[in-house]
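*Asks:* One structure is given below, represented as structure tokens, and several questions about it will come after.
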Amino acid sequence: MTTTPSKTEGWLDWYADPTRPQFRLPPGTVDAHCHVFGPAAQFPFAPERKYTPCDASKEQLFALRDHLGVSRNVVVQATCHGADNSAMVDVLRSSAGRARGVATVRPDVTDEELRELHEAGVRGIRFNFLKRLVDGSPRDDLATIARRIAPLGWHVVVYFEAAELEELEGFFETLPVPLVIDHMGRPDVTAPVTGPEFSRFLRFVDRTAAWVKVSCPERLSVSGPPALNGERHAYLDVLPFSRRVVEEFGDHVLWGTDWPHPNLTDHMPDDGLLVDHVPLLARTGQAQRLLLVENPMRLYWPDEAV
Ligand code: 0GY
């Protein structure tokens with residue numbers, strides 16, 4: 001008999017009734033960073049996981065997609081599923097071509113397994129350097145994986161803390177595949193946008209032509225969500241950082257909801273408000289079309305990109 005595991009203490013479930021955004025996403029918008037969790041009864045979580053979430057199924061992801069006015073999803077393998085990509089692949093196979101995936105694999109993954117992932121719609125592998133999420137990321141293993149995926153035309157999505165970039169950037173520059181950086185490299189938004197840490201990040205992006213997700217204001221913000229006073233705009237302290245990235249690297253930025261928002265501890269964002277945050281960081285129609293449609297299409301659906 002399958003038993004559903006208990007959630008991590010204090011776990012915040014995703015927002016069940018998001019508002020309808022006031023901002024109309026342009027047709028063809030791609031949510032380039034989201035996950036599914038389980039459902040655990042069908043796709044059990046990995047024994048080595050660092051958290052046990054609530055379920056967040058493909059049906060619930062597709063319902064959110066339609067509610068927000070999103071057209072396509074890029075589903076990133078969540079660490080709670082380890083290197084078992086079945087739940088993520090099941091989303092891709094059920095999406096009628098409207099979802100691509102970013103997987104987690106071990107260096108001994110076979111060519112056949114990589115071919116199957118590609119056929120399902122996987123186009124990248126995630127390298128996670130957050131100690132609270134993974135036990136370790138041996139660089140030899142990651143370099144091997146990067147060499148294995150290069151012939152498929154895939155990229156590597158890297159997730160790291162801002163302070164770690166100094167130590168990691170040399171390694172990143174040896175990888176023979178394009179880089180995609182999660183959540184703007186997690187800047188400390190209480191530091192000045194012109195400060196040394198974010199300047200290092202911007203120089204790194206410039207040098208490597210990396211793609212940058214201007215995602216997760218709710219994760220980076222210190223000022224937080226709107227007060228319960230009718231104010232719709234949230235996470236304003238993140239804007240100097242996201243605007244700077246969009247202004248400098250407009251043809252290499254991506255956006256995503258990060259639904260179902262793993263590991264948030266103080267609040268769960270209303271996904272409708274996250275959509276309404278987009279025109280604050282990408283302030284022209286052209287910048288919005290690049291961010292939401294043209295860039296992710298070039299990276300994930302190049303055959304259909306205009
Ligand atoms: C994110 C962020 C987090 C978690 C994961 O795969 C994951 O477990 O990505 C986090 O805890 O910061 O991008 O969803």
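The values are calculated or read from the model by the stated rules, or taken from the named source; none is laboratory data. Here the structure is a predicted model, which means the values were calculated and not measured. As a convention, Cβ positions derive from the backbone with ideal geometry for all residues, glycine included, and neighbour counts pool all protein chains shown. Note: accessible area is taken over every heavy atom of the protein model, side chains too, but ligands, DNA and RNA are not part of it. Shrake-Rupley method; radii C 1.70, N 1.55, O 1.52, S 1.80 Å.
*Asks:* Hey, can you tell me all the residues within region 108-131 that are surrounded by 15 or more Cβ atoms within 10 Å (Cβ to Cβ), closer than 25 Å to Lys50 by Cβ, more than 13 Å from the ligand (Cβ to nearest atom) and not hydrophobic (A, V, I, L, M, F, W, C)?
*Replies:* Once the filter is applied, which keeps residues that are surrounded by 15 or more Cβ atoms within 10 Å (Cβ to Cβ), closer than 25 Å to Lys50 by Cβ, more than 13 Å from the ligand (Cβ to nearest atom) and not hydrophobic (A, V, I, L, M, F, W, C), region 108-131 yields only Gly124.
*Asks:* Somewhere in region 28-37, is a residue open to solvent by less than 50 Å² (accessible area, probe 1.4 Å) and in a helix (DSSP H, G or I)?
*Replies:* No, because not a single residue in region 28-37 is open to solvent by less than 50 Å² (accessible area, probe 1.4 Å) and in a helix (DSSP H, G or I).
*Asks:* A further question on this structure: Among residues belonging to region 247-258 that are assigned to a loop (DSSP other than H, G, I, E, B), more than 9 Å from the ligand (Cβ to nearest atom) and within 14 Å of the chain's Cα centre (by Cα), point out the one that is nearest to Gln288 (Cα to Cα).
*Replies:* Trp255
*Asks:* Could I ask something else about it? Among the residues of region 65-96, which ones are in contact with a helix residue (DSSP H, G or I) (Cβ under 7 Å, 6 or more places away or on another chain), closer than 19 Å to Leu273 by Cα and away from the ligand (no atom under 15 Å from the Cβ)?
*Replies:* If the condition is that a residue be in contact with a helix residue (DSSP H, G or I) (Cβ under 7 Å, 6 or more places away or on another chain), closer than 19 Å to Leu273 by Cα and away from the ligand (no atom under 15 Å from the Cβ), then Leu68 is the only one that fits.
*Asks:* Could you tell me which of the residues Val158, Val134 is away from the ligand (no atom under 11 Å from the Cβ) and either in contact (Cβ under 8 Å) with a residue 40 or more places away in the chain or not small (Gly, Ala, Ser) (or both)?
*Replies:* Every option except Val158 fails the conditions.
*Asks:* For Glu59, work out the one condition from (1) over 25 Å from Pro302 (Cβ atoms); (2) in contact (Cβ under 8 Å) with a residue 60 or more places away in the chain; (3) more than 16 Å from the ligand (Cβ to nearest atom) it doesn't fulfil.
*Replies:* In the conditions (1) over 25 Å from Pro302 (Cβ atoms); (2) in contact (Cβ under 8 Å) with a residue 60 or more places away in the chain; (3) more than 16 Å from the ligand (Cβ to nearest atom), Glu59 misses (2) alone.
*Asks:* Still on this structure, I have one more. In this structure, is Leu152 over 19 Å from the mean Cα position of the chain (by Cα), away from the ligand (no atom under 16 Å from the Cβ) and modelled with pLDDT under 95?
*Replies:* For Leu152, the condition - over 19 Å from the mean Cα position of the chain (by Cα), away from the ligand (no atom under 16 Å from the Cβ) and modelled with pLDDT under 95 - is not met.
*Asks:* Quick check on region 176-188: of everything there that is more than 16 Å from the ligand (Cβ to nearest atom) and under 20 Å from the mean Cα position of the chain (by Cα), which residue is farthest from Glu218 (Cα to Cα)?
*Replies:* Top of the filtered list is Val177.
*Asks:* Need pairs with beta-carbon distance below 9 Å; first residue within 14 Å of Glu161 (Cα to Cα) and of a type outside the set (Asp, Glu) and within region 204-224, second within 16 Å of the ligand (Cβ to nearest atom) and open to solvent by 20 Å² or more (accessible area, probe 1.4 Å); sequence gap 6+ or separate chains.
*Replies:* Within 9 Å, the pairs are Cys216/Arg186; Arg219/Arg186; Arg219/Asn263; Leu220/Arg186; Leu220/Asp188.
*Asks:* Of the residues Ala191, Ala209, only one is away from the ligand (no atom under 15 Å from the Cβ), open to solvent by 10 Å² or more (accessible area, probe 1.4 Å) and either among the polar types (S, T, N, Q) or on the phi > 0 side of the Ramachandran plot (or both); which?
*Replies:* On inspection, the qualifying residue turns out to be Ala209.
*Asks:* Could you tell me whether region 299-306 includes any residue that is open to solvent by less than 70 Å² (accessible area, probe 1.4 Å), closer than 30 Å to His81 by Cβ, free of Cβ contacts under 8 Å to residues at least 24 places away in the same chain and not in a helix (DSSP H, G or I)?
*Replies:* Yes, region 299-306 contains at least one residue that is open to solvent by less than 70 Å² (accessible area, probe 1.4 Å), closer than 30 Å to His81 by Cβ, free of Cβ contacts under 8 Å to residues at least 24 places away in the same chain and not in a helix (DSSP H, G or I).
*Asks:* Restricting to region 171-188, name every residue that is open to solvent by less than 60 Å² (accessible area, probe 1.4 Å), over 21 Å from Val75 (Cβ atoms) and either in contact (Cβ under 8 Å) with a residue 60 or more places away in the chain or touching a Lys or Arg at 6+ places or on another chain (Cβ under 7 Å) (or both).
*Replies:* Once the filter is applied, which keeps residues that are open to solvent by less than 60 Å² (accessible area, probe 1.4 Å), over 21 Å from Val75 (Cβ atoms) and either in contact (Cβ under 8 Å) with a residue 60 or more places away in the chain or touching a Lys or Arg at 6+ places or on another chain (Cβ under 7 Å) (or both), region 171-188 yields only Phe171.
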